[in-house]
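The values are calculated or read from the model by the stated rules, or taken from the named source; none is laboratory data. None of these values were measured; they are calculated from a predicted model. All Cβ positions, even for glycine, are placed from backbone atoms using ideal geometry, and neighbour counts span all protein chains on display.
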Amino acid sequence: MYFSLKQRRLVRNTFCGILFSSGLGFGFSRAAAQPAYRLAPEKLAEAVRLEHIRTALHFGLEIWLIVALFLLLRLGLCAALVTRVQGWTRRVWMQSLLFSYLLILVLYCVVELPIAALGHRAMLAYGISIQGWPGWLRDQALMLGFVILIGTPVLAFIQWLTRWSPRRYWLWAWIGSVPLILLGALILPSLIDPAFNHFEPLVLTHPELVQQLERVVARTGTNIPPERMFLMRASEKGNGLNAYVTGLGPTRRIVVWDTTADRIPQDEVLFIFAHESGHYVLHHVALGVVLGIVGTLAMLWMTAALAEWLVKRRGNRWQVHSLASPVGLTLLLLALFALEAITEPVGNSISRAMEHQADIYGQEAIHGIVADPQSTAVNAFNHLGQAWLEDPHPSAFVEFWTYDHPSTEQRAQFAAHYDPWVPGARPRYFSK
Ligand SMILES: [Zn+2]
């Protein structure tokens with residue numbers, strides 16, 4: 001899990017939805033007279049079209065995943081697959097592994113891959129991605145490899161749990177998920193991310209930038225040594241700008257894309273870095289992991305309840321007589337993904353609130369370092385929005401439901417009006 005400066009709505013959330021009280025809205029108004037984030041008219045038209053594509057793909061992926069699982073059950077395809085696997089081996093654990101492997105393979109190739117390809121086609125058409133199809137396919141194959149490697153034993157383990165403890169399997173599954181979530185956050189930056197992108201210490205190519213960043217580090221008291229600042233060569237694959245903080249404990253680090261470091265003014269890079277430092281200082285990664293663990297418990301409990309209800313109502317028609325079976329696992333996944341889709345705004349609301357905190361922190365942190373923090377932040381959001389072709393005015397519903405960051409216009413608007421150094425105002429995170 002990481003917190004980045006840019007919405008990543010084409011990437012599926014790897015955590016189960018986080019179930020927590022929302023009501024973490026923002027205090028800034030949408031109805032501003034002067035837009036703070038501006039696009040040239042032809043770019044604006046492109047951004048609006050791309051926003052529609054992004055939204056369609058986002059909901060398309062969620063709905064198609066649920067429909068595909070439903071069809072596997074309803075058409076008896078899942079039951080046929082189980083019969084086939086049982087013909088290959090008599091060992092139950094081997095059947096569980098084989099079935100889990102095939103189910104992941106089918107779902108990835110039939111659901112994930114086509115939607116991801118449509119997304120990539122749009123990113124190429126709008127000039128956001130420059131990665132050719134062979135390289136893109138290689139990345140997809142690699143991702144499938146990771147999903148199979150991690151997902152197959154996990155799904156087989158869940159099948160074993162449903163047999164071993166038919167009433168409390170969801171609780172045991174949750175206990176088992178805790179070390180997995182921690183391990184995931186720990187190894188994501190050091191093992192999985194480098195398989196997809198090239199990383200190097202930021203100081204190797206941008207020593208003067210590191211020097212300036214050290215000023216922000218000193219002001220924030222973050223003790224982020226240059227060894228924890230990395231440059232990612234994003235320009236090999238696209239034109240988007242980004243920076244993020246990721247990892248836990250010994251693997252915690254700040255990553256700046258080379259597009260960000262090379263293509264926008266240094267003051268704006270300092271603001272982006274300060275925003276990322278905000279996630280670091282405000283413990284957002286650790287908080288995200290804790291919320292992920294608590295949210296997973298709620299999600300698994302609800303999944304079990306919904307799955308049992310579905311067995312009672314649809315068991316005969318779908319040939320699911322018990323959850324303690326491979327077909328039962330498919331039904332559990334159907335319940336899980338349906339609940340994830342429904343509870344999506346909860347996690348996104350929490351994420352948006354954290355991003356807003358980091359925006360405030362970032363703007364306060366560069367006070368005294370850059371000449372004008374307000375216009376620096378506004379310009380940074382403009383560069384960011386233009387690079388990703390962000391729609392200045394997404395629909396309020398789409399933003400509430402799918403955005404893990406506030407919209408670019410909202411962020412720029414807030415930055416333009418946020419000045420806690422005027423008499424009578426008080427900064428939230430810094431005393432001077
Ligand atoms: Zn952020």
Check on Arg352, outside any helix (DSSP H, G or I), among the charged types (D, E, K, R) and out of contact with any helix residue (DSSP H, G or I) (no Cβ under 6 Å at 6 or more places or on another chain)
no
Does region 175-193 contain any residue that is out of contact with any helix residue (DSSP H, G or I) (no Cβ under 8 Å at 6 or more places or on another chain), free of Cβ contacts under 8 Å to residues at least 24 places away in the same chain and β-branched (Val, Ile, Thr)? yes
Within region 79-138, residues being of a type in the set (S, T, N, Q) and crowded, with 18+ Cβ neighbours inside 10 Å number 4
**Request:** Tell me, yes or no, whether region 298-307 has at least one residue that is surrounded by fewer than 21 Cβ atoms within 10 Å (Cβ to Cβ) and modelled with pLDDT under 95.
**Result:** no
Of the residues in region 314-354, those that are within 16 Å of the ligand (Cβ to nearest atom) and not polar (S, T, N, Q) come to Gly347, Ile350, Arg352, Ala353, Met354
Residue within region 388-397 that is of a type in the set (Phe, Trp, Tyr), touching a residue at least 24 places away in the same chain (Cβ under 8 Å), more than 14 Å from Ala274 (Cβ to Cβ) and more than 16 Å from the ligand (Cβ to nearest atom) present = no
Within region 123-142, residues being in a helix (DSSP H, G or I), out of contact with any strand residue (DSSP E or B) (no Cβ under 9 Å at 6 or more places or on another chain) and in contact (Cβ under 8 Å) with a residue 40 or more places away in the chain number 3
Of the residues in region 294-327, those that are closer than 21 Å to Gly176 by Cα and aromatic (Phe, Trp, Tyr) come to Trp301
Residues of region 256-275 being farther than 12 Å from Ala380 by Cβ, buried (at least 21 other Cβ atoms within 10 Å of the Cβ) and either within 12 Å of the ligand (Cβ to nearest atom) or not β-branched (Val, Ile, Thr) (or both), in sequence order, are Trp257, Ala261
The lone condition Tyr361 fails out of (1) in contact (Cβ under 8 Å) with a residue 12 or more places away in the chain; (2) surrounded by fewer than 23 Cβ atoms within 10 Å (Cβ to Cβ); (3) not aliphatic (A, V, I, L, M) is (2)
Restricting attention to region 219-249, the residues that are farther than 16 Å from Ala365 by Cα and free of Cβ contacts under 8 Å to residues at least 60 places away in the same chain number exactly 11
Result of the Cβ filter at 7 Å on region 276-292, keeping first residues that are touching a residue at least 60 places away in the same chain (Cβ under 8 Å) and partners that are assigned to a loop (DSSP other than H, G, I, E, B) and charged (D, E, K, R), at least 6 apart or interchain, is Val285/Arg252
Among Gln357, Gln413, the single one that is within 16 Å of the ligand (Cβ to nearest atom), modelled with pLDDT of 95 or more and of a type outside the set (Gly, Ala, Ser) is Gln357
